[in-house]
Amino acid sequence: MFHHATATATAANTFSFDTLPSALTAPMALTLPEELLPFTVRLVRNEADLNKAVQIRHAAYARHLPDFAETLKIAETDDVENGVVVLLAESKVDGSPLGTMRIQTNQYKPLSLEQSIALPEWLKARPLAEATRLGVTNEKGGRLVTTVLFKAYFQYCQQTGIEWMVIAGRAPVDRFYDRLLFNDVFPGIGYIPLRHAGNLPHRVMSFNIDTAENRWAQVNHPLLNFMCNTYHPDINLGSPRQRYATSLSRSTLPAHGATLPM
């Protein structure tokens, strides 16, 4: 159903990402049922966009980790690194931010979680994308925003040649990924304290892009049609050429030493 991008290893775990059109941006998308959402999801393009993402990020973390949330009141240098994009969900009614997620590929450097743990060889030698800084509003509809952000993450991986999604999820966020059929990278170990997450325990989980549709179909997953058989025009990831054409500059952002996946 999808046209996948391909990625080939070049040297020292760096990759050449050869991007092909996604079915959801190609004419084939016109044959899928279309569903409109009460909000949009797009890539952060400028400082104003990033400020919106930071606003919702801080508010979301403040509900569960208030001490750490104090470090998230301003943007982080990771937000504007090469190979990083930030998703922003906004209300169609008033443009207010509803959710955000940061995605980092390993095209330019190892994933953030690799600062604390060594991924197994079978995984780290492949094109990866880690989702961090997931935050959604506490208002009604937050679960839908989370699900649509995940679909945008999934589509982004398809369009950029990513083979594996990798996340570090603290409880109870990890249950969301269990339901999506993510697997533990380190089976039997459970939650692992991560230095870059303030030593909070996280499960490191992975998900293969190419086999996703078949695996969801085999278990009659309730999100199969939403993820694979429905066109959501309100998810706008732009073109690969546009993704890194941002007006943001690292020199304008303060450095943060701590990071907290998910």
- Note on the structure: Packing-ranked peptide list from 128-137, 88-97, highest mean Cβ count within 10 angstrom first, is 128-137, 88-97
- Here the alpha-carbon Rg of region 37-105 over 2.2 N^0.38 Å rounds to 1.09
- Which ³J(HN,Hα) values in Hz, rounded to whole numbers, follow from the phi angles of region 67-73 under the Karplus curve 6.51 cos²θ - 1.76 cosθ + 1.60, where θ = phi - 60° and Gly and Pro get x? 5, 5, 4, 4, 8, 10, 6
- Item | Under-5 Å amide H pairs with PHE39, H placed in peptide plane, nonlocal only | LYS92
- Item | Note, ³J(HN,Hα) from phi for region 131-140, Karplus 6.51, -1.76, 1.60, rounded to Hz, x at Gly and Pro | 9, 9, 6, 5, x, 9, 5, 8, 7, 4
- Item | Convex hull projection area averaged over all views, region 124-165, Cα basis, nm² | 3.1 nm²
- Step through the residues of region 39-54 one at a time and calculate ³J(HN,Hα) from phi using the Karplus curve (6.51 cos²θ - 1.76 cosθ + 1.60, θ = phi - 60°), rounding each to whole Hz and writing x for Gly and Pro. 8, 10, 10, 8, 8, 4, 10, 8, 5, 5, 4, 5, 4, 5, 4, 5
- Cross-link pairs LYS52/LYS109; LYS52/LYS151; LYS92/LYS151; LYS73/LYS124 - those with Cα-Cα distance over 28 Å: LYS73/LYS124
- Placing each pseudo-label 7 Å from Cα in the direction of the beta carbon, TYR191 and GLU114 end up separated by a distance in nanometres of 2.7 nm
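Any read-out appearing in this document is the output of simple, stated calculations on the displayed coordinates, not a laboratory observation. Just so we're clear, the structure is a prediction, and the values are computed from it rather than from any experiment. Backbone-built Cβ (ideal geometry, glycine too); neighbour counts: all protein chains shown.
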